1. I'm checking my understanding of the structure. Among residues of segment 237-285 that are buried (at least 17 other Cβ atoms within 10 Å of the Cβ) and hydroxyl-bearing (Ser, Thr, Tyr), which one is nearest to Leu218 (Cα to Cα)?
2. Going through Val266, Val238 one at a time, which residue ends up being aliphatic (A, V, I, L, M) and either farther than 20 Å from Gln188 by Cα or under 24 Å from the mean Cα position of the chain (by Cα) (or both)?
3. Restricting attention to segment 251-263, does a residue exist that is assigned to a helix (DSSP H, G or I) and of a type outside the set (Gly, Ala, Ser)?
4. Go through the residues of segment 202-222 one by one and say whether even a single one is buried (at least 16 other Cβ atoms within 10 Å of the Cβ), assigned to a loop (DSSP other than H, G, I, E, B) and of a type in the set (S, T, N, Q).
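What follows draws every value from the coordinates through simple rules; no lab data is involved. Bear in mind that the values here come from a model prediction, so they are computed numbers and not experimental data. Methodologically, a virtual Cβ is constructed for each residue, glycine included, from the backbone with ideal geometry; neighbour enumeration extends over all protein chains shown.
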Amino acid sequence: MASVNANVNLTSQLASHIVVPLTTFLNGNNTLFSESQPWISDLRCSHAALDSDTNCDRFKLHLPYSQHTLIWEVIFDRRRNNQAPDFIFGEEDKDFNPDSEKLEEKLLGANSRLSFECSKLRTSKDFDSFEILVKKKNTNGYNSYFEANFLIRINLKSESLPHLKADKINRIGENFTRRKELIESFKQHFNGALLEYDSENYTSINLLLVTSGFYFILHVSLPSGFPQSMPVLIIQSVYHRMGILPYKETRTSYPYSPRWSGKEMVERIQVYLATIIEDFKTSSLRYGKL
């Protein structure tokens, strides 16, 4: 098993934009890896033209967890340092199934107050479920300090709340319903074009569309004030870039009414796109680079 010093020696071979976040993670005080610290191995450079001694941008990350060691391959792109890495999870991890009760006992057993609070929460009938995030803070001498965050899901009936709070909660619920309606309308209308969408809060959706043989990506982002505030449309070329980023344009002004149904919003956005996509194509050809 590699030591922290070995990690330090290896990180000196990494591309500069990877060193700080990786070092912070490797040396962080997190009880999740209480058995030992994570370490890295098999450093490589994905571009032969770069110096492999100082520009490595892919490596294997070893994570000791619940008497197992997970091995993930982490792949950055040295030439595009603002992009998040890809992860390849090890084939040997497919049967990884730690004993959650033993893991919980290990995490909480050292703190009697924390164990007591968990026991009280388990026997309570006032909420649906809860989660605990435990993080080890700085160690002072022989004492370790922990920070515990409790996330509790509670079912509330609006009639049991003060009127103003109940109105606010109802508005939040109505806004969520409208967001979900619009995202689902996009999925149904552009069947087969879906790339990804926010399936939890319904705040965004990305679609791969084509007009007269010209492909582009439509990013739809719903602001917190939706439906009173219109969705933000970002049109991205799949062919051209500006610098190291894809060429894209943002549209925040187009025919819109918050009174429209989700289906009508999608249909009108499609009509709007048809009127501007040729101009976008011309701009991406003029200002973007292949």
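1. Ser237
2. One residue alone meets the criteria, Val238.
3. Taking every residue of segment 251-263 in turn, at least one turns out to be assigned to a helix (DSSP H, G or I) and of a type outside the set (Gly, Ala, Ser).
4. yes
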